[in-house]
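Coordinate-derived values only; no laboratory data. For clarity, every value in this text was computed on a predicted model and none was experimentally measured. Positions of Cβ are backbone-derived with ideal geometry, glycine not excepted, and every protein chain shown enters the neighbour counts.
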Amino acid sequence: MTSSVLDQVLEEIKNSVGRDRVSIDADDLITYGRDWTKAYAPKPSAIVFPRCTQEVSQVLKICSAQGVAVVPSGGRTGLAGGAMATNGEIVLSLTRMNHMADVDSIAQTITVEAGAITEAVHQKTAAQGLTWPVDFASKGSSHIGGNIATNAGGVRVIRYGLTRNWVLGLKVVLMSGEILDLNGSLEKNNTGFDLRQAFIGTEGTLGVITEATLKLTRLPAESTVAFFGLKDLDRVFDLFLRARKSPFLVTAFECLSRGCLEAVLEVQGLRDPLPSVSEQYVLLEIEKPQSADQLELLDQWLLDCLDSGITESATLAQSPKEVQEIWALREGVAESLGHRGRVHKHDISLPLSKLQAFLKDWGRALGTQYQGMEPYIFGHIGDGNLHVNVLQPKGMNSPEFERIAEGMDAEMFATLKKYQGSVSAEHGIGLLKKNLLEFSKTPVEMQLMRSLKNVFDPKNLLNPGKIFD
């Protein structure tokens, strides 16, 4: 894009939606031109801040006519480069579109603009005894539009499922400027193709989500958390099976290795709640028993886990403060590993029935071919999602580390494909994982995805280069 074309486009946008909606400030270009991915440098040409769906339509129509690429941007908490503007694109930031309508208590829905912050939606709905049950560590800065565009997961997928389960309707703007109003607040609408689903999880490559009608559910009962130390991964899965068969409603089942816990304790200065050291740890969250009989049943269940040898040690939170302290051990892992040094990371998932076999196969390969490269594994065992991290060893230079890590990746993804896993469980593909799609998608699937992109965005101007080239 030449400077004259850019100047013309920006002038048209200013005349259409307001001069205060456009910024070429250097700080804004850096801030809004990137997400949490550290692998790429932001290089947008300008940032546009629309305040309503109609303004989004006008901006996209102008850019489409001039052949100017656009990158939609929300809370920018993604980890796959899905919101990175690296090639002079105009960034369309929806941060000012944060209106939330009143909660419809009868239908148990709320309609919000794409820039509404996830935690703000939680707070507004909680006042009516309801919640949008999509929850994760970045909820204080992530946007609803981004949650939907990436089909966000989080820590309670085992209880509530993914974002797409909680979206009734969408308002979407195509690159041409056309506005689609999809499904509204209908619970039932069996009228052919459900185009709403075409925009959930496609990372802003087919259209820009500007508004959503969200399905709500009642606030869960007060929860409590237990923390376990276990000898090995086999016992982690034994505990998971026992938890699933227990009389308690499981809302989260998270695991972390000893190395992960040590990193959190060291960096965050937190207290180890267990008296002894184990190789694996599990955080189990359940709805808190409400009667004395149920509490006694829970205590007995925990004792049985210890007496059976499944767990080496365990503790049950005795207060909301202790619940927060135990959750901090899990939620602080990623940040703590980053403080220790350079991290090579992946976000993968497998069918639950094949998770153990995958970890054993891959573990054998690591032990024979990559001694000294210790994996730090944590994640949502309850839904088959693992976060695999490898830290650069002290004394190893970065090029050597990346070369070895790439070899480890090849081994891991070949094993992942063998067990029908996914190269991205919840972070998406973006720029970061395009070369890995072949491990999870067949050539026919890839061709169909490209065909769909061509239908919605034939000029390839909307978030170009994301998912595939």
Zone residues, the stretch 63-80, relative to Asp25, backbone N less than 15 Å from point 7 Å out along Cα-to-Cβ: none
Angle between the chain longest axis and helix 443-456 axis [Cα atoms, degrees, rounded to 10]: 40
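For the stretch 304-346, what does the alpha-carbon gyration tensor say about shape, rounded, prolate or oblate, given a ≥ b ≥ c as the root eigenvalues, a/c under 1.5 as rounded, and a/b over b/c as prolate?
Details: a/c = 4.24, a/b = 1.65, b/c = 2.57.
Judged from the Cα gyration tensor, the stretch 304-346 comes out oblate (a/c at least 1.5, b/c at or above a/b).
Report the full-extension gain for the segment Asp102 to Ala221: residue separation times 0.36 nm, less the Cα-Cα distance, to one decimal in nm.
Numbers: separation 119, 0.36 × 119 = 42.84 nm, distance 2.32 nm.
This chain segment gains 40.5 nm when fully extended.
Among His344, His387, His339, which comes first, second and so on when ranked by fewest other beta-carbon atoms within 10 Å? The partial results should precede the final answer.
Values: His344 18, His387 22, His339 13.
Final ranking by Cβ density, sparse to dense: His339, His344, His387.
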Contour minus Cα-Cα distance for Gln356 and Ser398 (0.36 nm per residue): 12.0 nm
Förster-model FRET efficiency, 51 Å R0, Thr86 and Asp232, C-beta, rounded to 0.05: 0.75
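Net charge within 13 Å of Tyr281 by Cβ-Cβ distance, Lys/Arg positive one each and Asp/Glu negative one each, not counting Tyr281 itself? Write out the running numbers ahead of the final one.
Numbers: positive: Lys231, Arg235, Arg258, Arg330; negative: Asp232, Glu254, Glu262, Asp272, Glu279, Glu312.
Summing Lys/Arg as +1 and Asp/Glu as -1 gives -2.
More than 20 angstrom separation, counting every C-alpha pair in the stretch 308-427; what % is that?
Working: 3699 of 7140 pairs.
For the stretch 308-427, the share of Cα pairs beyond 20 Å comes to 52 percent.
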Estimated distance in nm for a label pair at Ser3 and Lys459, the labels positioned 7 Å out from Cα along Cα-to-Cβ: 2.4
Overall form of the stretch 347-398 per C-alpha gyration tensor (a/c, 1.5; a/b vs b/c): oblate
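Would you mind getting me the FRET efficiency between Phe468 and Asp194? Use the beta-carbon distance for r and R0 = 22 Å, nearest 0.05.
0.40
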Residue-wise HN-Hα coupling along the stretch 235-240, computed from phi with Karplus coefficients 6.51, -1.76, 1.60 (Hz; x: Gly, Pro): 6, 4, 6, 4, 5, 4
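Report the rotationally averaged projected area of the stretch 109-218 based on its alpha-carbon convex hull, in square nanometres.
On the way: hull surface 27.0 nm².
Approximately 6.7 nm², given one-decimal rounding.
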Inter-probe distance in nm under a simple model that places probes 7 Å from Cα toward Cβ, at Asp272 and Ala328: 1.8
Within the stretch 85-117, backbone nitrogen closer than 18 Å to the virtual label 7 Å beyond the Cα of Ala127 toward Cβ: 98-113, 116-117
Sites Leu303 and Glu119, calculated FRET efficiency, Cβ-Cβ separation with R0 35 Å, nearest 0.05: 0.40
Rounded tilt (10° steps) of 398-418 against the dominant C-alpha axis of the chain: 80
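Can you classify the stretch 223-325 as rounded, prolate or oblate using the Cα gyration tensor, where a ≥ b ≥ c are the square roots of its eigenvalues, rounded means a/c under 1.5, and otherwise it's prolate if a/b beats b/c and oblate if not?
On the way: a/c = 1.91, a/b = 1.31, b/c = 1.47.
Verdict is oblate for the stretch 223-325.
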Per-selection metrics, the stretch 3-96 (Cα): Rg and Dmax in Å: 12.3, 36
Selection of chymotrypsin sites (Phe, Trp or Tyr not before Pro), the stretch 3-112, meeting DSSP coil and at most 11 other Cβ within 10 Å: none
In Å, descending, principal axis extents of the Cα set of the stretch 246-285: 35, 18, 16
Evaluated over the stretch 193-236, the Cα radius of gyration and Dmax, each in Å: 19.7, 49
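Quick one: of the DSSP bridges fully inside the chain, what percent are antiparallel, nearest 5? Kindly include the intermediate steps, with their values, before the conclusion.
Working: 57 of 65 bridges.
Just about 90 percent of them are antiparallel.
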Proportion of all alpha-carbon pairs of the chain beyond 40 Å (%): 24
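Let me have the relative contact order for the chain, percent, based on Cα pairs under 8 Å that are six or more residues apart.
Working: 920 pairs, mean separation 71.3, N = 469.
That works out to 15 percent.
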Euclidean distance of C-alpha centroids, the stretch 192-244 and the stretch 295-337, integer Å: 21
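List the chymotrypsin sites (Phe, Trp or Tyr not before Pro) within the stretch 155-228 that DSSP assigns to loop and that have no more than 10 neighbouring Cβ atoms inside 10 Å.
Details: sites: Tyr160, Trp166, Phe193, Phe199, Phe227, Phe228; in loops: Phe193.
Passing both the DSSP loop test and the Cβ count: Phe193.
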